Each structure stands twice: as structure tokens, then as C-alpha cells.
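What follows is one structure encoded as C-alpha cells, with my remarks underneath.
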């Protein structure tokens, strides 16, 4: 546990003391805020819940933000050679992987945290929202947390597989985007295969949770997917010792 | 010799490392494969044993106890076809609601299967053709609920209550409509409703925009009810399989013999819906008088009107199962007559089941009045002759059932409406939305399908927000300017702090 905390603290200071991190946060909040207002204005006449506009805006820029956060997690360590120092330190592979993962997740959550106030700000300035559906808000943030957890673990694994940050970034982005386009893919394949793809389609999960509908199936899917990715990352890291 | 030895050692070392790398790779691959299998198993189990909750404030997608009871009473598998484009505004509301139905159906004692099939009209042409052939699908953006050979189609406009004039969605009717459809298709027999003809009544085959009844005929058919027009003189009485009788807008007097048949039908726990226009002597006045209903010779005028006070919206309803779902919906009446309960003595509890219970269904506003002599030129209120509103325009009568006592006694039921335009094409297509609901609620109550009427539409309050361009501008400035600026300043402060520290 101590080793994990040490790695986590090291990651946090690497994130929060770097100007790149603040640029990432500012850019994410700029585009997410703008997309939210645009989506609300567009959906005004349809009558879709305002929480749908909020979570569509937050999810739209998630793949690229997570790619920026995770692409350098291991690739940069490999390139600069600090991975050897890390691996010879008295920490296990699990502690290294979980510590780095926790650091990236913490940074991502801090980046997205101001979005909690979006609806309250909208209500203050527009006076148009009669009340804020806290249930739907809680459901939406639940799926946001789970999808983010899965995407960060996927990005971490991709970063571990290469020493080049650009390659890691491309691999991360493609792997993270895949669940987001499964809905479109499901419409292009035979019905049975389409049903399986639809089951895993992140777009559908977001639109259901953003309406306040909580289902254990996507929750188990993302949790088990996260554990699977982290397990693979540990196995890949362990294999470095033996080669 | 030494050279050969070192070569051999080097080769041995290379092979050793290659074997080790392959073994490590195989080890990682095997572990990944086993973990993937475990992942698939966990998710397979999760898909079979799952739970759902609706955390939203409006609980738009949670099913009421009545819907769960209806699902519990169904014994045959149900197929629901959602014929919608995925970009349609209703698509995700239906998707969330139908997922809840499928989930609840699995947990009923009979474990019925409720399969939801999503059909894209432009892509699934084969499925569209099959639905057209098998279930008579008429238009896209519909939901077809089927069980075996029975099916019922729900149109998109039935799924939402819309605000008058502006047509924005104000309430979601999905649960009431889908539960009602499941209930209908699961029934082994369709209810039979007879439509009286021969006295100048409205014509079910008439497509005239003003007077025709073709739209209500389509709505009745869509509700899985068999509608049979008939002339009583030809059948010598009301047929034995008649579940309910409709008498809509007779322009000549119904003969006494036929009134006698209707009276006997009511005494046999029959169900009758009567729609009578003002200044028409229908011959039913005496019969209704005996059932506690007074048909006055007047016409009702309302200041809150559409055209000259003769056609107006009614949004005040009495407390009744028929009107439960009409909270946000207005109904159009056109030159109606007043229909009111007879003023009578207090009835003791012991006699209550034998006495007809009359309840008001629809009322005009306080700014209305019942005009006794409409042939006068002026429509204004005359305090000497006219009666000031609110005026009752429709009543429901029940006899044979005691409120609060659950006995297997079939009560007689009558609905009387003072305007046969209620079900005319013009009123149904006017956009007010309430006329079809009002008519069908009356019919469903007569057919004892009232348990479904008690499922109220769910208001879309949380979804409705209106903001001007300026307000959007301020919000944009706060979100895009304010928050990122704060983060930016925090970053600069940390950077400056670190520089000073170093």
C-alpha cells in the first residue's frame, strides 16, 4: 500500500506541476462548456432532458483528453529510461500500475469536476431550468466515472506497449474511441452480432444513464473491462523482467 | 577451438533468450486469454441477472404497480416492434421505457418473455414489409405490440401530450399506451362495440373534415376493439355479443321501441355511450331522466372561446377514472348542450348500489353560461333566462357497484356527452389532443378497462427549459470564460510559486 501511495504521489506531482496539465484542463473545460451550451440551445425545442446535453458534451471530448493524459504514462518513462529506476525500486508491478492509474484518474476527475456546476450556472444565468434533476445528474456521473475508468486503463495499457509517445497516442485514441462507435458499427453487421455490439455501445449507455436510468449491465461491463485492462498491464510489465 | 566454443556459447545464449522471450510471451498470452474468458463469463452472467433503477425525479421510465400487475397477468410471449428512426426525438424515451418492460416481464411469476425489436424504417425494409402485411402497420414512427396474431399499433402522437397551439411536448404517455396495448393483445377476445345507425347519427365511413367520424373509427380499431355499425330495426334489439353501444348524434327521434331495447340492455348491466347535440329531441331524454341525468334544452357559450363563443376549449374535469389522464389536456366542444346530474334526495347507504351514481366529467369555465333561447340574435348572457357557469357538459353514470366494496358484480354504465362533435374528424385533428383521449377513455371505462386509465401521463417538467439568446450568451461567457480562466490562473500561480521556490 505504501508503495502504491508513493507512485500515486509521484504521478500527481508530475501531473499538477506541469504546465501541459493546465493547458489540457483549460482546453477541455473550454470545449466542453461551449459544446454544452450549443447542445442545450439545439435541444431546447426537442424537449430532451438538459442532463443529456450535459453528458453528451462531457463525453464528446473524453477520448482525446484521456489520450493526452495517458499516452505518456509508460511511453515517456521508457523513452527517458526512468522505467528502469522505477522497476528497481522496492515496489511491485501491481503497485506501479495501480499507482500510475490512480494518478491519471485523479487528474481526470479534477479536470471534469467543474462540470458539476454547469447546470447550476445555466440556471443562474438563464432562469429557464425549473429544477435540477439530481437523480439523473448522479446517474450520468456514475456512467461518466465508469467509462472514464475503463478508458484510462485502456490508455495505460497502450502506453505500456510502446516506447514512442506518438504511437501510444494513436493506439490510445483508437482503442478508446472503439466503444464510442460500436453503436454505428452495430447497424452495419448482421442482427445477432449487432445485438452484441449494441450491448457494449457506450453511446447508448450514456444516453440512458443521462436520463436517470441506472442499469447494472453496463456497470459490470466497464468495471470488469477496467480490471481486465489493468491485469493485462501488470502481466505485460511483469514480462519485462523476464526478457 | 576456443573460437568455436565462444560461438557455440553465444548461440546458446541467444537461443536461451529467444526461448525465454517466447515462453514469457506465451505466458502473457495464456493469462490474457484466460482473463478474457473470465471477462466474457462475468458479463454473460451480468446480462442474465441484472437490475435497473430510475433515479430521475420524474421517474419517467419506472413502471407503476398497475403496469406490473398487467404484465403479471399475461401468459403469452409479447413482441414489441419499435419502428423509429434512431434520431427521432421519442426514440430514447421509448428505448428506456421498453427496457424497463422487458426487465419487469422477466421478474413476473409467469416469467413471460417480452422481446423488443428495433426496426429502422429506411434500413430494415424486409421487417417493415412483414409488419405491414402481418399487423397492418400504416406509418413509420409507431410502436407495434403483438402477441400471436393479435397486434396493436401506437402512433407517436399518442405517446405524448402536447401543449395547445405551440405543440411542445408536456407529458409522456408511453406507459399508459404500452400497458394498455399489452393488456389488449394478451386478451383472448376483442370487445365488441355496436354503433347505432338509422336516426341520422354520425357516419363512421364519412371522411368529411367537419362532420365525419372516420378518425374516431380508426382510433377505436387501433385500440383493438371491434366496431360494428347496426340498425336496430333490422336486428330486433341489441345483439347478445354487444359489450357496449354508442349512440352518436341522432338528428331524429329514436323510436320508443328502440329506447325500450336500450333500457333493457342497461338493466342487464349494459354499457352505453350517448352523444347528443342541442335542440335535438333524441327520444332518450326520458330514459336518461330515469338514470339521474338531465338533458337541458340549451346551448353553452364560453367567453374563453375560439370562434365567436360557439367552439371552446374545456380543461376542467371532474374527478373520475375517465379524466385522470387528462390533467394537462384540453378538449374542444362545439356548441354543446348542458348535461347535468338530477338534483335528488340523499340516498341511504343500504340503497346506494340500486341507485345510479352520476358524476360530472367536464365543466366549462366560470365565464360561461347556458343559453336557453339560441334563436335570439344576441349571444350575450341574459340573467332572467340563462344560467351562469360553470356548466356540466358530460357525465358518467354507474349503477350496481358500491364504491369501496370489491364484489364480482357487473355494474351498468352510461356516459352522456352534450356534443356529438366531440368525436368528429375536425375535433380530433384540431391539434388540441384531448378529444380522442376523452372519447377513448369513456369507451374504455364502459368496457371495464378502466384500470389502464388510471395510469397518469408523466409530466416532462425537467426537460422543458426556455432561454433567450442573451441568456445563452451569458451562460456561454460564464462556462467558456469563467471556469477555464480560474483554472488558468491556478496554473500560473503554481508555476510562479515553483519558480520562486527554485
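The values are calculated or read from the model by the stated rules, or taken from the named source; none is laboratory data. These numbers come from a predicted model, not from an experiment. For neighbour counting, all protein chains shown are included, and Cβ atoms are generated from backbone atoms with ideal geometry for every residue, glycine included.
Tabulated values for the structure
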| item | result |
| --- | --- |
| Residues of the stretch A:145-173 that turn out to be surrounded by fewer than 18 Cβ atoms within 10 Å (Cβ to Cβ) and farther than 28 Å from residue A:86 by Cα, as a count | 1 |
| Single match in A:204, A:221, A:232 (criterion: over 29 Å from residue A:50 (Cα atoms) and within 14 Å of another protein chain (Cβ to nearest Cβ)) | A:232 |
| Residue, nearest to residue A:120 (Cα to Cα), within the stretch B:493-502, restricted to residues that are in a helix (DSSP H, G or I) and more than 8 Å from chain A (Cβ to nearest Cβ) | B:493 |
| Residue A:33 being at the interface with chain B (Cβ under 7 Å from one of its Cβ atoms), surrounded by 15 or more Cβ atoms within 10 Å (Cβ to Cβ) and assigned to a helix (DSSP H, G or I) | yes |
| Where residue B:153 falls short, out of the listed (1) more than 18 Å from the chain's Cα centre (by Cα); (2) at pLDDT 85 or above | (1) |
| Test: residue in the stretch A:205-226 that is farther than 29 Å from residue A:137 by Cβ and either under 17 Å from the mean Cα position of the chain (by Cα) or buried (at least 18 other Cβ atoms within 10 Å of the Cβ) (or both) | no |
| Residue check for residue B:65: farther than 19 Å from residue A:235 by Cβ, assigned by TED's automatic domain parsing to the domain that holds residue B:108 and without any contact (Cβ under 8 Å) to a residue 12 or more places away in the chain | yes |
| Matching residues in the stretch A:38-53 - criterion: being without any contact (Cβ under 8 Å) to a residue 60 or more places away in the chain, at the interface with chain B (Cβ under 8 Å from one of its Cβ atoms) and out of contact with any strand residue (DSSP E or B) (no Cβ under 6 Å at 6 or more places or on another chain) | A:41, A:44, A:45, A:46, A:48 |
| Complete set of residues in the stretch A:3-19 that are over 16 Å from residue A:77 (Cα atoms) and within 10 Å of another protein chain (Cβ to nearest Cβ) | A:16, A:17, A:19 |
| Helices (runs of 4 or more DSSP H) completely within the stretch A:56-134 that count 1 or more residues being modelled with pLDDT of 80 or more and surrounded by 22 or more Cβ atoms within 10 Å (Cβ to Cβ) | A:62-70, A:75-80, A:93-112, A:118-126 |
| Which listed residue is within 13 Å of chain B (Cβ to nearest Cβ), out of contact with any strand residue (DSSP E or B) (no Cβ under 8 Å at 6 or more places or on another chain), free of Cβ contacts under 8 Å to residues at least 12 places away in the same chain and in a helix (DSSP H, G or I), from A:28, A:22 | A:22 |
| Residue match in the stretch B:425-433 (condition: touching a strand residue (DSSP E or B) at 6+ places or on another chain (Cβ under 6 Å), at pLDDT 80 or above and more than 30 Å from residue B:54 (Cα to Cα)) | yes |
| Per-region count, the stretch B:452-470, residues at the interface with chain A (Cβ under 8 Å from one of its Cβ atoms) and modelled with pLDDT of 75 or more | 1 |
| Number of positions in the stretch B:37-55 that are part of a helix (DSSP H, G or I) and at the interface with chain A (Cβ under 7 Å from one of its Cβ atoms) | 5 |
| Residue within the stretch B:99-111 that is assigned by TED's automatic domain parsing to the domain that holds residue B:136 and within 21 Å of residue B:136 (Cβ to Cβ) present | no |
| Qualifying residue in the stretch B:239-261 (condition: touching a residue at least 60 places away in the same chain (Cβ under 8 Å), more than 34 Å from the chain's Cα centre (by Cα), part of a loop (DSSP other than H, G, I, E, B) and under 20 Å from residue B:421 (Cα atoms)) | no |
| Test for residue A:146: is it over 30 Å from residue B:469 (Cβ atoms), touching a residue at least 60 places away in the same chain (Cβ under 8 Å) and not in a helix (DSSP H, G or I) | no |
| Single residue of the stretch B:213-238 satisfying the filter (at pLDDT 90 or above and part of a loop (DSSP other than H, G, I, E, B)) that is nearest to the chain's Cα centre (by Cα) | B:213 |
| From the options B:31, B:58, B:10, residue that is assigned to a helix (DSSP H, G or I) and within 12 Å of another protein chain (Cβ to nearest Cβ) | B:31 |
| Complete set of residues in the stretch B:299-332 that are at pLDDT below 80, assigned to a loop (DSSP other than H, G, I, E, B) and at negative phi | B:303, B:304, B:310, B:327, B:328, B:329 |
| Exclusive hit being part of a loop (DSSP other than H, G, I, E, B) and touching a helix residue (DSSP H, G or I) at 6+ places or on another chain (Cβ under 8 Å), set B:63, B:71, B:154 | B:63 |
